[in-house]
Amino acid sequence: MTTRKDIAIVGYGETPTVLRSGRSSYDLAAEALEAVLVHTGVDKDVIDGVCFAETMSETSNPFWGVYLCEQLALEPSWMQVNGLGGASTIGGVARAAAAIRDGLCETVLVLSADAQSSWPPTEQGAQRFEFQYPVGLNGPPGVFGLITQRYRHQYDLRDEALAKLAVTQRRHALMNPNGTEKLRKPLTEEQYLASPYVSEPLRTLDSVMVCDGANGMLVTSTENARRLGLRRWVHPIGYGEAVNHKGTDPLADITESGFTAAAPKAFRQAELTPGDIASVHLYDDFLIALILTLEQTGFCAVGEGSKFVLETDLSYRGTLPLNTSGGQISAGQPGLAGGGVNAVEAVRQLFGEAGERQVSDVRNAMVTGIGMIPYGKNWGVSNVLILEQP
């Protein structure tokens, strides 16, 4: 375990998540960097590595990472640009840790910024031209509608469980000043159930609202954290990742995600089990993803997600706090920076800085990421990061 505590996340920062801010990803990234520097108190010049997420608004530009360094006045000796979609933020933490251990750099800014609601999105192409666009499949909501319908056919998917997830996260978002203003309104289970279908059985309130925003974390060695005079950090002690899980199987179950492969690896590294986890911060572009993730990371058996949700207190005061910032569903999804919303919240909670929504048990936390939505399959990237106190 000591070898997994040689890396430290020493600070974080994020912008408010705003619908149609009119700002650029560069502008938002600068605000997030400033927040990280203020939070840690370190000088910008100590940053010698950067790990950026790709965006929906800027990365048709193949030099996004270099231009962003220029805009932020950074001169790193190591740079990574991740194309893992919503899995890019925690994937960035793992890559930063590897680069630090290999001596490629010492202090890494892991940063995600996107302005998807203000600027035309990048064309995703690939199989969409052949299978989705000709038949009018409505992007991610259409694909998740298929996944939800298939899960409902195979297992016991209960609408009241989905409603509980929606209401729980909305209650958390009401305590999050960085959440999207349009979503900071109370929600009842009756209102969720009455919301219209957008891709039956997917309702309007099953889905995220695409917004603008940025977030970041500072990662270094534990030794260097002490040398810099920092006194607070959390350790990334377990990580697992799966890309294109069963993508070569033409008859793969579309309800099975790469979490079935990524989660066991993360738990083995961390020497923990799901029962040891104090809070979960799960990627939540759609509510059905939460059900699938809880099952496939081992918190309950496959097909029993609804039962688990209904029987478990998922509030910030509960036995397994879930997405205590409101998650993307109720705090807003800042494009491909969306994965950072829950990751930053996990670090904030472990630092004991979540204010009125602070959880009581800050031993550890689990964060997940999801990236890319193909046609007729499950999502393309699944990753799991486990954080622990010193």
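The values are calculated or read from the model by the stated rules, or taken from the named source; none is laboratory data. From a predicted model like this one, the values you see are computed outputs, not experimental measurements. Cβ sites come from the backbone with ideal geometry, for glycine too, and all protein chains shown count toward neighbours. SASA here: full protein model, heavy atoms, side chains in, ligands and nucleic acids out. Shrake-Rupley method; radii C 1.70, N 1.55, O 1.52, S 1.80 Å.
Using a probe radius of 1.4 Å on heavy atoms only, what accessible surface per residue do you get for region 41-111? Whole Å² is fine.
Numbers: 2800 Å² over 71 residues.
Ligands and nucleic acids excluded, the result is 39 Å² per residue.
Working from Cα positions, state the angle (0 to 90°, nearest 10) between the long axis of helix 139-154 and the longest principal axis of the chain.
Around 60 degrees separate the two axes.
What percentage of the solvent-accessible surface of the chain, computed with a 1.4 Å probe over protein heavy atoms, is contributed by carbon and sulfur atoms?
Values: 7690 of 15050 Å².
Roughly 51 percent of what the probe reaches on the chain is carbon or sulfur.
Under the rule of at least 5 residues apart or a separate chain, name every residue whose amide H is placed under 5 Å from the amide H of HIS281.
When sequence neighbours closer than 5 places are left aside, the close amide H contacts are ASN323, MET366, VAL367, THR368.
Cα gyration tensor of region 60-183, axes a ≥ b ≥ c as square roots of the eigenvalues: rounded (a/c below 1.5), prolate (a/b > b/c) or oblate?
Working: a/c = 1.99, a/b = 1.54, b/c = 1.29.
Prolate, since a/c reaches 1.5 and a/b exceeds b/c.
Helix 25-40: angle to the longest alpha-carbon principal axis of the chain, degrees 0 to 90, nearest 10?
60
Taking the chain as a Gaussian network, where each spring joins two C-alpha atoms under 10 Å apart, which residue of VAL42, VAL81, VAL208 fluctuates the most?
Of VAL42, VAL81, VAL208, the most mobile in the Gaussian network model is VAL42.
Checking the table LYS246/LYS377; LYS164/LYS265; LYS164/LYS185 against a 19 Å threshold on Cα-Cα, which pairs fail?
Numbers: LYS246/LYS377 9 Å; LYS164/LYS265 30 Å; LYS164/LYS185 16 Å.
Among LYS246/LYS377; LYS164/LYS265; LYS164/LYS185, the Cα-Cα distance tops 19 Å for LYS164/LYS265.
If each DSSP helix of 4+ residues adds -39,500 (n - 2.57) and the sum is divided by the residues in the chain, what number results at 222 nm, nearest 500 deg cm²/dmol?
-10000 deg cm²/dmol
Could you tell me how many degrees, from 0 to 90 and to the nearest 10, lie between the Cα long axis of helix 159-173 and the main elongation axis, the longest principal axis, of the Cα atoms of the chain?
Helix 159-173 and the main axis of the chain meet at about 30 degrees.
Bin width 10 Å, alpha-carbon pairs only: give the P(r) of the chain as whole percents, running from 0 to the bin holding the largest distance.
Cα pair-distance distribution for the chain, in percent: 5, 25, 36, 25, 8, 1.
Which one, ASN364, VAL384, PRO321, projects farthest toward the positive side of the charge dipole computed for region 244-390 from Cβ point charges (K/R +1, D/E -1)?
VAL384
May I ask you to evaluate 6.51 cos²θ - 1.76 cosθ + 1.60, the Karplus curve with θ = phi - 60°, for each residue of region 228-236 and list the ³J(HN,Hα) values in order in whole Hz, giving x for glycine and proline?
6, x, 6, 10, 10, 6, 10, 9, x
How large is ³J(HN,Hα), in whole Hz, for each residue of region 292-309 in order, when computed from phi with the Karplus curve 6.51 cos²θ - 1.76 cosθ + 1.60 and θ = phi - 60°, using x for Gly and Pro?
4, 5, 4, 5, 7, 9, x, 7, 7, 6, 4, x, 10, x, 4, 4, 4, 4
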